[in-house]
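A short worksheet on the structure shown next.
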Amino acid sequence: MGGTAVEMLREMMRGEVIGPADAGYDEAREIYNAMIDRRPAVIARCADSTDVRAAVRFARENSLDFTVRGGGHSGGGLCIVDGSLMIDLSRMRWARVDPEGRTALVGGGSQIGDLDHEAHGSGLATPAGIMSTTGVGGLTLGGGHGHLTRAYGLTIDNLLAADVVLADGSMVTASSDEHPELFWALRGGGGNFGVVTAFRYALHPVENVGLGVTLWEPEHIGAVLRWYRDFLPAAAEDLNGFFAILTVAPGPPFPEEIHGRKMCGVVWCSTGATDEESLAKTFAPVAEPAPPAFHFATPIPYPALQALFDDLIPKGLQWYWRGDFFDRITDGSIDVHRAFLENLPSDLSTMHLYPVDGAAHRPGPMDTAWAYRDAVWSGVIGGISPEAADANRIRTWAVDYWEALHPHSMGGAYVNFIGADEGGDRVRATYRGHYDRLAEVKRTYDPDNVFHHNQNVLPAGS
Ligand code: FAD
């Protein structure tokens, strides 16, 4: 891109415009997954929605390919492309809470921790992911599940409105009253329809929650999963618990004798049991499948739970992931989990089954673009390592695991867990019967498919 064009963009924006020759370029192009090392032609670090509008118009007028960066957490690096304009929302991190109305208005480049922190100040929270550093942008537009899902639904079930910069640079608010088809599509359809500069969420009274971590030796994985698949769906909705295979981290709260050991486990979050006595009662059943190798439960402020994994998996690691939805945990799938637990390729590699039942089953199948209201778990297989030399090994492990597990799945994955290299058929599998409706909304709001660096829905008729 010519220097004059960059100067023009600079004049239009309040935020910084950063080119390859500028100090800060390398820092600005870093994203969470260190496997992605790309060099945009220019980075428009927007300060506000007016900057976003200017950047979109600038891209359109100069026929430039562009990407949108929220929190930079997408596994495949959807927010950054070589030689394009990156519309970077990372300066737009803010949250304002209305404690009486129990709502939060949150900047489109915010991280989950920004929302959690501000809402917690009023004793409130809303469901989002399980790490404070994930962007609310990509997470919400994909659906969003986390520790509060069984109690209060998906993130999109709590989305009340979104301010959106459209493909022509105009701006609208989408809600159930205004642009309702766009609002429907934004709730699960990913970044296909525009740049969301602010999200309005409903909040719930959540202050302290009960955290539980239970680990079992690998030989008990069959008994544990057979117990878990019955126990959790039948449990009260105020109890959430995601299943994981993992290597025990070398630090507190884990005792030294289990550091570095492969185990299976569940990370629990209870919004009902928030004192020692009720936690002991809630978690009494964890001994049923087999004696745990480790069990720990404590009341904890919700934002502290959300930040629990931030240091364990910081920015700068190698990541490759794939996912699928599951409506049951078959005996055959348990054999697959057992085999891939035995050959975990690195200490951080893992597989999680996140519950998407409870309150997330309450909206009707057509209410939002999320097409798997009948799923009980959203599974993700993550090959993760600090070593660049491990990149192929962790990718191969994740792909092999996914191929073995896929026949036991419902066929499609949570859109935010599809690998960037998986292709359009997987996007169709994610949206099932909703794909054609999404394609119609795409034709209305982005007929030229300028928002295409995402899990792309093609405009109807294209
Ligand atoms: P980015 O890489 O910035 O963007 C991803 C996509 O979203 C791009 O296509 C981008 O264009 C689009 N986008 C982002 N912001 C906007 C916006 N404001 N307007 C329009 N488009 C936008 N997901 C869960 O649901 N629950 C979890 O618990 C969870 N845990 C995770 C933990 C880790 C460590 C990681 C890396 C990811 C996790 N995810 C989880 C997945 C996460 O939801 C996705 O990676 C999501 O895409 C991250 O959003 P982002 O804004 O950070 O990503």
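The values are calculated or read from the model by the stated rules, or taken from the named source; none is laboratory data. Since the structure is predicted, the reported quantities are computational estimates derived from the model, not experimental observations. Because the Cβ atoms are built from the backbone with ideal geometry, glycine has one as well, and the counts that use them run over all protein chains shown. Surface areas here come from the heavy atoms of the whole protein model, side chains and all, with no ligands, DNA or RNA. Shrake-Rupley method; radii C 1.70, N 1.55, O 1.52, S 1.80 Å.
Right, residue 304: outside any strand (DSSP E or B) and within 26 Å of the chain's Cα centre (by Cα) or not? Give the derivation first.
Working: outside any strand (DSSP E or B): yes; within 26 Å of the chain's Cα centre (by Cα): yes.
Considered against the rule, which asks whether it is outside any strand (DSSP E or B) and within 26 Å of the chain's Cα centre (by Cα), residue 304 comes out as yes.
Which of the strands (runs of 3 or more DSSP E) contained wholly in the stretch 142-240 include at least 1 residues that are touching a Cys at 6+ places or on another chain (Cβ under 8 Å) and more than 16 Å from the ligand (Cβ to nearest atom)?
Numbers: elements: 159-165, 171-175, 195-202, 208-216.
Where strands (runs of 3 or more DSSP E) fall fully within the stretch 142-240 and carry at least 1 residues being touching a Cys at 6+ places or on another chain (Cβ under 8 Å) and more than 16 Å from the ligand (Cβ to nearest atom), they are 208-216.
Take the stretch 341-384 and flag every residue that is more than 20 Å from residue 427 (Cα to Cα), open to solvent by less than 30 Å² (accessible area, probe 1.4 Å) and without any contact (Cβ under 8 Å) to a residue 40 or more places away in the chain.
Residue satisfying the conditions is 364 alone.
Out of the stretch 122-136, which residues are in contact with a strand residue (DSSP E or B) (Cβ under 7 Å, 6 or more places away or on another chain) and closer than 23 Å to residue 311 by Cβ?
125, 132, 133, 134, 135, 136
Go through the stretch 432-458 and report how many residues are assigned to a helix (DSSP H, G or I) and within 15 Å of the ligand (Cβ to nearest atom). Quick ask: steps written out before the conclusion?
Of the stretch 432-458, the ones assigned to a helix (DSSP H, G or I) are 432-445.
Narrowing the set further to residues that are within 15 Å of the ligand (Cβ to nearest atom) leaves 438, 441-442, 445.
The total comes to 4.
With the structure loaded, tell me whether residue 289 is surrounded by fewer than 22 Cβ atoms within 10 Å (Cβ to Cβ) and at pLDDT below 95 or whether it fails that test.
No, not satisfied.
For residue 330, are the conditions met, namely being open to solvent by 30 Å² or more (accessible area, probe 1.4 Å), of a type in the set (S, T, N, Q), within 21 Å of residue 219 (Cα to Cα) and not assigned by TED's automatic domain parsing to the domain that holds residue 186?
Yes, satisfied.
May I ask you to list the residues in the stretch 114-141 that are away from the ligand (no atom under 12 Å from the Cβ) and either under 16 Å from residue 182 (Cα atoms) or not charged (D, E, K, R) (or both)?
Listed by number, the residues that qualify are 115, 117, 119, 120, 121, 122, 123, 124, 125, 126.
For residue 365, indicate whether it is more than 16 Å from the ligand (Cβ to nearest atom), within 25 Å of residue 328 (Cβ to Cβ) and part of a loop (DSSP other than H, G, I, E, B).
In short, yes.
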